[in-house]
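Only the coordinates and a few stated rules stand behind these numbers; no lab work does. Keep in mind that what you see is a predicted model, and the values were worked out from it rather than measured. Here Cβ is always computed from backbone atoms with ideal geometry, including for glycine, and neighbour counts include all displayed protein chains.
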Amino acid sequence: MKIIRTVSEWKAAAQEAAGRTIGFVPTMGGLHEGHASLVRRSRAENAVTAVSVYLNPTQFNDKKDFETYPADFSEDAALLEAEGADFLFAPDYAELYPDDYRYKVVETDFSRTLCGASRPGHFDGVLTVVMKLLNIIRPSRAYFGEKDFQQYTLLVGMARAFFLDVEIVPCPIVREESGLAISSRNRRLSGAGREKAAEFHQILSEGGSAGEKKRRLEGAGFSVDYVEERGGRLYGAVFLEGVRLIDNVQLDAAAQTQA
């Protein structure tokens, strides 16, 4: 696996992939089995797999959340090498934002709801950094987990709106045995908190209205940001021990659980 730090280095290295399909997995580090599953999917479907590790400050509306994000570059690089990634692109802020974030990609509808409503500017940062990365790597396919389904939906819309020549590939949520969606932020939970966190997905998957599920979550000890139905899917975001957790379920899956 080659570690690349600059755009010019990537352009030189990418000549090795000329004429071959490139799969791309953008990450912020703190890698886990969910990320590993994306790498494996990319390797199965493409000749070359590139992964980016970049903790993007422009998508954090909470400075403390940015500063405490659990990531270790050496551990991330070791995981990616073990999974057979061909390239690791790890730029710094100056390399990725030569404009100092004066230019940005803004979506004016769906990005203002759900996570976007409580995290102003979050999706502006997400869309902008992914646009930059796609323009640098120029992959055939880019892989994103469905845990953040709102993000996936916005990225598909961005690719269509700007005629990007890339397939945005959704990948299933990877969960712990308890049902908790695997997330880098789970590492910040205590042992007891991790056990409690499993109730988040359990309650979202049960029958009842969004309002009823919100009340159940609050009764279980979660601080609820939102539980809302959108486009045949139930989205939820909660806080536990100061850690923000997100999840979503298809409403037909919830109905099956109820039955």
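Mind sorting out which of (1) 1.15; (2) 0.97; (3) 1.02 is the real Cα Rg over 2.2 N^0.38 Å computed from the coordinates? Entry (3). Dipole size of the chain about its Cα centre, with +1 on Lys/Arg Cβ and -1 on Asp/Glu Cβ: approximately 260 debye, rounded to the nearest 20. Over the chain, DSSP H runs of length four or greater, each weighted -39,500 (n - 2.57), average out per residue to a 222 nm ellipticity of -11500 deg cm²/dmol. Among the listed pairs K11/K63; K104/K214; K147/K213; K2/K132; K64/K213, those with a Cα-Cα distance over 26 Å are K11/K63; K104/K214; K64/K213.
At 10 °C and a viscosity of 1.306 mPa s, what translational diffusion coefficient does Stokes-Einstein give for the range 86-186, taking Rh as the Kirkwood radius over Cα pairs? Give it in µm²/s as a whole number. It comes out at roughly 106 µm²/s. Each Lys and Arg adds +1 at its Cβ and each Asp and Glu adds -1 at its Cβ; summed about the Cα centre, the range 1-103 shows a dipole of about 340 debye. Under a Gaussian network description of the chain, with springs only between Cα atoms under 10 Å, the residue in L155, L189, L55 that fluctuates furthest is L189. With the contact rule set at Cα under 8 Å and sequence spacing of 6 or more, what percent relative contact order holds for the range 167-257? Contact order relative to length: 24 percent.
Tell me which of I137, L154, S37 sits at the most positive position along the dipole axis of the chain, charges placed on C-beta atoms (Lys, Arg +1; Asp, Glu -1). After comparing all options, I get L154.
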